[in-house]
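**Student:** There's a structure below that I have some questions on.
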Amino acid sequence: MLTITTDTGGHWFKPGETIEGTVSWHLDDDAEAVEIRLFWYTEGKGTQDVEVVNEKGIASPDRAGNRSFRFRVPNGPYSFSGKLITLAWAVELVVLPSGETERLDLLVGPQPVEVELG
Amino acid sequence: MNTSFNTSPSAPSGCRSLSGKGVGTLFFGLFFLMGSLFVFFILGEALRQAAPWWWPKTSCTIISSGVESTGEDEDPYRPAVRYQYQLDGRDFEGTLVARGDNATSSYDRARDQAARYVVGSSTTCRVSPTHPALAVLERRIPWIAFAVLFPLIFVVIGGIGLWAVWRGSASSDDADSQSISQKASKGRGHKIALVVGLIFGVVGGTLFLFLFALPAVHQLRSMGWTETPCTIVGSEVRSWSTDDGTSYRPDVLYEYQAGGRSWRSNRTTFFSALSSGYDNARDVVGSHPDGSKSTCWVDPGNPGRSVLDRDFHPMHLLGLLPLIFLIAGAALSRWAWGQMRTGRPSEMEGPKDEAPGEGPLVLKPQVSPIGKVLGALFFCLFWNGIVSVFVVQAWKGWERGHPDWFLTLFLVPFVLVGLATIGAVGYLVLSLANPRPRLTLDNATPRLGDEFRMSWRFTGRATRIRQLSILLEGREEATYQRGTDTHTDREVFATHTLVDTGNDWEIPRGAATTVIPHDTMHSFEGNSNKIVWEIKVAGVIDRWPDVSQDFTITIRPMRVEDL
Amino acid sequence: MNTDIRFRRPADNPFAGRRIESLAFRSPDFSWRRLEDRLDSLGRRCAIVGPKGSGKTTLLEAIARRLDGPVAMIRIPGGCAHPWRSVRGQLPHPVTDGHAVLVDGCEQLGAIGWRLLLRATRPARYLVATLHRNGVLPTLIECSTNPNLLRELVFELAPAETANLEPVFDTLFHHHDRNIRLCFRDLYDVFSGRDSRLCP
């Protein structure tokens, strides 16, 4: 079982702010590593783009554990939705090599709603 | 039936059969083993050469010093120095200058090494604590250790391959639980590109340095050397086997008088590192036969340095070839570094505001008018070139009175397209004579919420423009696969009119201001998805192709302090 | 058609790229067991045949995921000026008997290109290509589409809206010449509000 939580409990972060939170895991098998990643991705009509902006890895973790993380949010890109493209931000906790994943969706931008185009 | 499909739909998709692992282990294991073997041998030799650094020193007396022939063609000369030393009351005689191979192809190098040890003089030598009969005069840096980099590549490839074969693999058939961030490959690809670029750059730079740059510098310096008569005391073509065949080199040993003594050297040219081939080696030897008289050039500040031929030959330009690797490697590294630095702050770094500098900027059009003409012309020639072959064939049929109706009818749409391309080229050629807009932004990279001031000026006859409109447009671009085709969809989400005028005093030049909304999206570029902002200039000209040019601009996110 | 299909965020659009790509291949009477048996019986050198948008690429990618060992997935871009060069640049060097080579877009290869491909992939344990029609390699499976398949896939992607779209399935299907992928692209535009032509 994997969990991700932010210290504030919120999901909206302005560019330049710091995302602080905690991840925890309870695994059935041993893992080589767990990684915490801050990234943005697109969805829509086009082929998906993904970019990992920050990441933190924990090598040879115990089967159960937790770790805090701190990531600075870059200036952009903002979360937005148009007619062809949605760009969203998230923090993922990934167990390697099994690929077991937990994701916490976030919103990055000047306002607490994603930018709407058109 | 022997099949290596994974027949269980719920089994991990990365499951590998034993045979697959066996092949992979054998393949990469071989790489790893061979690489490790060479690493072991090279490091062993390096340690052997470095051992005298820890040997105790003792004083010794030089008995003889000179240059001897090794009997080998590849490195025919060696410094021959004999020295005497005492240890624990016993006398020993040593002949080693240093550990490792002291043979060299350069007579000068062997001579200079030996010249450091004058007969009858006292110096120190290093004696092996376990074998007193083994001693050296010099401790050298084991440069051979750097050769370990080459087999290390095989060790790394083999190691990574073995790890990849035996590690478990990520799997899940449930799309919802799959990691999205795992799909990101940009960073890793760029890291590989950076390493490859650096390797190319270092190798190219090193080769360029030793094959061209340094020899060229020496050659230039030799222009101030003194012309001196010399006698050829030995002249032959040396040959030795290499991995890719046989290598040749002219070895012309000559003797001359300078600084009150006699010197010998075999430096025929400063560019000796470039392989000459048998014919050239034979020609050089032929023009300097044994016993003949010739002329050499001697360094007045160091009479031991000389050269037989200080002329520049076209063959020396081969030394420039490694520049290609240096430039390509540097360009690749620079690009990869730039890509890696974009948007990848470390965990605790602040957001980077990658402003190239604010200030006026003159915009360049997306596609220049000439570019449009050349592109259209290329397509027109290509299309009509192919179609014309069949048109000629069909025409000949009509001429003979035996028309091929099928071919004729089949060609009709192709000919129509061809005529349209000719028309398009004509239209674009005419548009070359159009007035051209030159746009300047007051702020090179405006931000969301900023006041946006743009000025324009037309070159050419702007008075021909009847109506001018300049728009600021924002649009989404999404690229996707349609089978094996790639297609890009576009959707305009914002249009701001900056200029829309028919007044002839306003058209040739002017300025416009608008405010970029703060609640829209800044410029963004992914591999397949983009937000593009453009300034679109449209000028209507009666009975002539219109002015139409687009200029891409970058609109940045708001300043963090302004949020 | 009911015109109350709301504007959707691209990420929520049931016909967004990611959702289309995650659709599993399907065909009447299709089973993996039968496919694998046929693959073996054809000497593991065969072709998936079908018109554009009939699922050839989807099936090829599914086969790639199920194969053990190294898989070389090669795509010849549409309208490629030098298809063989494109293939050669993507082939592993060397091609070993451990490799499975899957090539998408082989209808663009000419006779010489085919000869070169077959020679280069001779050691490979698998060669599976996609083609628009039967040709050089024996046919592993013929992919075909029909309006019911379109209905089935649309129901999987947008179960709540399938009834609304019922009047347009046949029109859409035949307008795009049985190319289901193009039907999806149009449906994306409908659900995003970009295209209202399909709305009465």
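Just so it is clear, none of the values below were taken in a lab; they were calculated from the coordinates. On a predicted model such as this, the values are computed, not experimentally measured, just so you know. Reconstructed Cβ throughout: ideal geometry from the backbone, glycine too, with neighbour counts over all protein chains shown.
**Student:** Using a 10 Å cut-off on Cβ to Cβ distances, tally the other chain neighbours for every residue of A:90-97 and report the average as a whole number.
**Tutor:** Mean inter-chain Cβ contacts per residue within 10 Å come to 4.
**Student:** If I model a spin label as a point 7 Å beyond the Cα along the Cα-Cβ vector, how far apart are those points for residue B:396 and residue B:140 in nm?
**Tutor:** Result for the modelled spin labels: 7.4 nm.
**Student:** To continue, here is another question. At 20 angstrom or more along the helix axis (alpha-carbon based) and mean Kyte-Doolittle of 0.0 or higher, what helices does chain B contain? Whole DSSP H runs only. Let's see the in-between values first.
**Tutor:** Details: long enough: B:18-50 (45 Å, 1.35); B:149-166 (25 Å, 2.24); B:186-208 (32 Å, 1.13); B:322-341 (28 Å, 0.74); B:369-400 (44 Å, 0.91); B:405-431 (39 Å, 2.11).
Correct list, ordered by number: B:18-50, B:149-166, B:186-208, B:322-341, B:369-400, B:405-431.
**Student:** Can you sort B:42, A:58 from fewest to most other Cβ atoms within 10 Å of each residue's own Cβ? Please report the intermediate quantities before stating the final value.
**Tutor:** Values: B:42 20, A:58 15.
With the fewest neighbours first, B:42, A:58 line up as A:58, B:42.
**Student:** Would you order C:48, A:36 from fewest to most other beta-carbon atoms within 10 Å of each residue's own beta-carbon?
**Tutor:** Numbers: C:48 27, A:36 23.
Ascending Cβ contact count within 10 Å gives the list A:36, C:48.
**Student:** How much FRET efficiency would the formula 1/(1 + (r/R0)^6) give for residue B:513 and residue B:427, where r is the Cβ-Cβ distance and R0 is 41 Å, rounded to 0.05?
**Tutor:** Numbers: r = 34 Å, r/R0 = 0.83.
With R0 = 41 Å, the Cβ-Cβ based efficiency is 0.75.
**Student:** Structure shown: which of B:372/B:396; B:364/B:530; A:45/B:372; B:183/B:536; B:372/C:52 lie over 26 Å apart, alpha-carbon to alpha-carbon?
**Tutor:** On the way: B:372/B:396 35 Å; B:364/B:530 20 Å; A:45/B:372 29 Å; B:183/B:536 36 Å; B:372/C:52 32 Å.
Where the Cα-Cα span goes over 26 Å, the pairs concerned are B:372/B:396; A:45/B:372; B:183/B:536; B:372/C:52.
**Student:** OK, next. In which sequence would B:227, A:92 go, from the one with the fewest C-beta neighbours within 10 Å to the one with the most?
**Tutor:** Details: B:227 9, A:92 24.
Ascending number of Cβ neighbours within 10 Å: B:227, A:92.
**Student:** Between residue B:404 and residue B:500, with labels modelled 7 Å along Cα→Cβ, what's the label distance in nm to one decimal, could you check?
**Tutor:** In this crude spin-label approximation the distance works out to 5.5 nm.
**Student:** Let me ask something else about it. Once phi is turned into ³J(HN,Hα) by the Karplus curve 6.51 cos²θ - 1.76 cosθ + 1.60 with θ = phi - 60°, what whole-Hz value does each residue of the stretch A:51-65 show in order, with x for glycine and proline?
**Tutor:** 9, 7, 8, 9, 8, 9, x, 10, 7, 6, x, 5, 5, 10, x
**Student:** Given a cut-off of under 8 Å on Cα pairs at least six residues apart, what relative contact order in percent is computed for chain B?
**Tutor:** Values: 952 pairs, mean separation 58.3, N = 563.
Averaging sequence separation for qualifying contacts and normalising by length gives 10 percent for chain B.
**Student:** Given a Förster distance of 35 Å, report the FRET efficiency between residue B:318 and residue B:131 from their Cβ-Cβ distance, rounded to the nearest 0.05.
**Tutor:** Details: r = 46 Å, r/R0 = 1.32.
After rounding to 0.05, the efficiency reads 0.15.
**Student:** So if each residue of separation counts as 0.36 nm, and I subtract the Cα-Cα distance between residue B:196 and residue B:149, what length gain in nm does that give?
**Tutor:** 15.5 nm
**Student:** Which chymotrypsin sites (Phe, Trp or Tyr not before Pro) in the stretch B:460-563 pass both tests, a DSSP loop state and at most 14 other beta-carbon atoms within 10 Å?
**Tutor:** Working: sites: B:480, B:493, B:505, B:524, B:533, B:551; in loops: B:505.
Those satisfying the criteria are B:505.
**Student:** When you look at the Cβ of every residue in B:451-461, what mean number of other chain Cβ atoms sits within 10 Å? All intermediate terms of the calculation are to be shown ahead of the outcome.
**Tutor:** Numbers: counts 0, 0, 0, 0, 0, 0, 0, 0, 0, 0, 0.
For peptide B:451-461, the averaged partner shielding equals 0.
**Student:** Let me ask you something else. Rounded to whole Hz and in sequence order, give me ³J(HN,Hα) for the stretch C:165-175 from the Karplus expression 6.51 cos²θ - 1.76 cosθ + 1.60, θ = phi - 60°, writing x for Gly and Pro.
**Tutor:** 8, 3, x, 9, 4, 4, 4, 4, 4, 7, 4
**Student:** When Lys and Arg each count +1 and Asp and Glu each count -1, what net charge do the other residues less than 11 Å away from residue C:36, Cβ to Cβ, add up to?
**Tutor:** Values: positive: C:33, C:34, C:38, C:44, C:66; negative: C:37, C:40.
In short, +3.
**Student:** Continuing with this model, one more query. Given a Förster distance of 51 Å, report the FRET efficiency between residue B:87 and residue C:71 from their Cβ-Cβ distance, rounded to the nearest 0.05.
**Tutor:** Approximately 0.15, to the nearest 0.05.
**Student:** While we're here: Work through the residues other than residue B:471 whose Cβ is under 12 Å from its Cβ and net out their charges, Lys, Arg +1 and Asp, Glu -1. It would help to have the intermediate numbers written out before the result.
**Tutor:** Values: positive: B:475, B:536; negative: B:473, B:500, B:534, B:550.
After counting each charged neighbour, the total is -2.
**Student:** Taking amide hydrogens as modeled 1.01 Å from N in the peptide plane, which residues meet the under 5 Å criterion relative to residue B:450, leaving out close sequence neighbours?
**Tutor:** B:516
**Student:** Which whole-number percent is the relative contact order of chain C (Cα, under 8 Å, 6+ apart)? Walk me through the numbers on the way to the answer.
**Tutor:** Values: 283 pairs, mean separation 67.7, N = 200.
Across chain C, relative contact order equals 34 percent.
**Student:** Let me know the mean shielding of A:50-59 by other chains, meaning the per-residue number of their Cβ atoms within 10 Å of its Cβ.
**Tutor:** Details: counts 10, 11, 11, 6, 7, 5, 1, 0, 0, 0.
The mean count of partner-chain Cβ atoms within 10 Å per residue comes to 5.
**Student:** Here's a follow-up. Give the relative contact order (percent, whole number) for the stretch B:226-309; include only Cα pairs under 8 Å separated by 6+ residues.
**Tutor:** 38 percent
**Student:** Separate question: Whose amide H sits under 5 Å from the amide H of residue B:248, counting only residues 5 or more places off or on another chain, with H placed in the peptide plane?
**Tutor:** Those qualifying (amide H under 5 Å, at least 5 residues apart or on another chain) are B:276, B:277.
**Student:** Label residue B:112 and residue C:139 with points 7 Å out from Cα along Cα→Cβ: what is the distance between them in nm?
**Tutor:** 7.8 nm
**Student:** Sticking with this structure for a sec: Assuming a ≥ b ≥ c are the square roots of the Cα gyration tensor eigenvalues, decide whether the stretch B:49-145 counts as rounded (a/c under 1.5), prolate (otherwise, with a/b larger than b/c) or oblate.
**Tutor:** Values: a/c = 2.13, a/b = 1.39, b/c = 1.54.
The shape class here is oblate.
**Student:** Another question about this same structure. What number does the stretch B:441-563 give for Rg over Rh if you use C-alpha atoms and the Kirkwood radius? Display every interim value, and only then the final one.
**Tutor:** Values: Rg = 16.8 Å, Rh = 16.1 Å.
Reported Rg/Rh (Cα atoms, Kirkwood Rh): 1.04.
**Student:** Still on this structure, I have one more. Per-residue ellipticity at 222 nm for chain B, helices alone: DSSP H runs ≥ 4 residues times -39500 (n - 2.57), over residue total, nearest 500 deg cm²/dmol?
**Tutor:** Numbers: 9 runs with 181 residues, N = 563.
Per the formula, -11000 deg cm²/dmol.
**Student:** Go through the stretch C:64-162 and name the trypsin sites (Lys or Arg not before Pro) that are in a DSSP coil and have 11 or fewer other Cβ atoms within 10 Å of their Cβ.
**Tutor:** On the way: sites: C:65, C:66, C:75, C:85, C:88, C:115, C:119, C:125, C:133, C:151; in loops: C:125, C:133.
Counting only loop positions with at most 11 other Cβ atoms within 10 Å, the trypsin sites (Lys or Arg not before Pro) in the stretch C:64-162 are C:133.
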